[in-house]
Amino acid sequence: MYYDTPRDFIGGVYEELLYDDQPLGWDIIGRKETIRGATRDTFTSYVDHWYKPKRMVVGVGGKIGDDLHEKVQELLGDMQAAETGEPSPVKLSPNGDVRVKVHTKASDQAHICLGVHSYPLEHPDRYVLQVLATILGGGMSSRLFTEVRERRGLAYYVYGLNHSYTDAGTLYAQAGVDIKRIDDAVSTVATELRKIADEAVPQDELDKAKSFSKGRFVLQLETSQGLIMFGLRREVLESRTPNPEEILAELDKVTVEDVQRVAQDVVAKQGLNLAVIGPFDDASRFEKLLS
């Protein structure tokens, strides 16, 4: 089912292109061979190795009462401490040239991911990068939605975002496009990426993107689940849970100069990476479009 849903599977093709044969380049679910070869010991040994007190964080949201710590201690207090070590850091190849990966599949619609390496999760410019991604492809007034879908009618859907891990990240656009107009779609998305690096963003567009980013963030915290997932992700991945007001203040600080500086660093200095799913078998046709 996953392979037959190109809108979902294109992300895996793109990350395999970026990270090659290492954990970040692998599908989390595994390959057919690893799934078929999995045994009970596959799971128990993994849990026994990684799920230790040093690496575990308990998150609770809602009306929790006064005895939460006692309840957690009762449930988990007898777990034995143990060293787990750390996962191997990702190894990134130099990215000065255009790279294309085509997953050939008979279909009436093509799916593309086009982007560049960006910053890891705790990079000092992470909030600038978030605003940059919003300008590029966040919402129906973003540059990609306006230019690719509304003006040119090249995509059924299109958006852009930044996805950061602890030691790597990527700024990219994803779209579902007409196979007969895929060349125009790829060229237009690439142009929008380069444009945001070449030309300063107007102040009113920046202000709108900051408001959008802040509004979306606040809405995510409206439910107990959203609030606890915010805290858990930050605590696990960054070893701290910033106050939501801190996040909003950092977004407010972003300037026009910040956005162009980061865009030039992330986009202008790197070759573009393109993943494609569709009835194509020649990567060189796309390399020519991006060179």
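The values are calculated or read from the model by the stated rules, or taken from the named source; none is laboratory data. Note that the structure is a prediction, hence the values are computed from the model and not measured. Because the Cβ atoms are built from the backbone with ideal geometry, glycine has one as well, and the counts that use them run over all protein chains shown. The area values use the complete protein model at the heavy-atom level, side chains included, leaving out ligands, DNA and RNA. Shrake-Rupley method; radii C 1.70, N 1.55, O 1.52, S 1.80 Å.
Summary of packing: across the peptides 241-249, 185-193, 70-78, the per-residue average of other C-beta atoms within 10 Å ranks them, highest first, as 185-193, 241-249, 70-78. By the helix-only formula, in which each DSSP H run with n ≥ 4 contributes -39500 (n - 2.57) and the sum is divided by residues, the chain has a 222 nm mean residue ellipticity of -13500 deg cm²/dmol. Extending 7 Å from Cα along the Cβ direction at Ala81 and again at Glu245 yields two label points whose distance is 3.5 nm. Rounded, prolate or oblate for region 69-192? Axes are the square roots of the Cα gyration tensor eigenvalues, ordered a ≥ b ≥ c, and the cut-off for rounded is a/c under 1.5. It is prolate, given that a/c is not under 1.5 and a/b is the larger ratio. Give the cross-link partners of Lys288 among the aspartates and glutamates, using a straight C-alpha distance below 14 Å as the criterion and excluding same-chain residues fewer than 8 apart. Qualifying aspartates and glutamates at Cα under 14 Å: Asp97, Asp183, Asp184. Just how many % of Cα pairs in region 122-263 lie over 25 Å apart, if you round to the nearest whole percent? Percentage above 25 Å: 32. Averaged over its residues, region 154-291 has an accessible area of 49 Å² per residue, based on protein heavy atoms and a 1.4 Å probe.
Report, ordered by chain and residue number, the aspartates and glutamates lying within cross-link reach of Lys210, taken as a straight Cα distance under 17 Å and ignoring same-chain residues fewer than 8 apart. Straight-distance partners of Lys210: Asp125, Glu245, Glu246, Glu250, Asp252, Glu257, Asp258.
For the residue pairs Lys91/Lys253; Lys101/Lys269; Lys54/Lys91; Lys32/Lys105; Lys91/Lys269, the C-alpha atoms sit more than 30 angstrom apart in Lys91/Lys253. Placing R0 at 35 angstrom, the Cβ-Cβ distance between Thr191 and Asp252 gives a FRET efficiency of 0.70 after rounding to 0.05. Report the net charge of residues surrounding Leu232, where surrounding means a beta-carbon distance below 14 angstrom and charges are Lys +1, Arg +1, Asp -1, Glu -1. Counting the neighbours of Leu232, the net charge comes to +2.
Seen from a random direction on average, the alpha-carbon convex hull of region 1-117 projects onto 12.2 square nanometres.
Using only the C-alpha atoms, the convex hull of region 191-236 corresponds to 108 Å³ per residue.
Our estimate of slack between Thr223 and Ser88, defined as 0.36 nm per intervening residue step minus the Cα-Cα distance, is 45.1 nm.
A viscosity of 0.692 mPa s and a temperature of 37 °C, combined with the Kirkwood radius over Cα pairs in Stokes-Einstein, give a translational diffusion coefficient for region 216-277 of 227 µm²/s. Among the protein heavy atoms of the chain, carbon and sulfur supply 51% of the accessible surface, probe 1.4 Å, non-protein parts ignored. Take Thr166, project a point 7 Å from its Cα along the Cβ direction, then tell me which residues of region 39-64 have their backbone nitrogen under 18 Å from it. Only 46-59 fall inside the zone, counting backbone N under 18 Å. Per residue, the convex hull around the alpha carbon atoms of the chain comes to 158 Å³. The angle between the Cα long axis of helix 6-19 and the main principal axis of the chain comes to about 80°, on a 0 to 90 degree scale.
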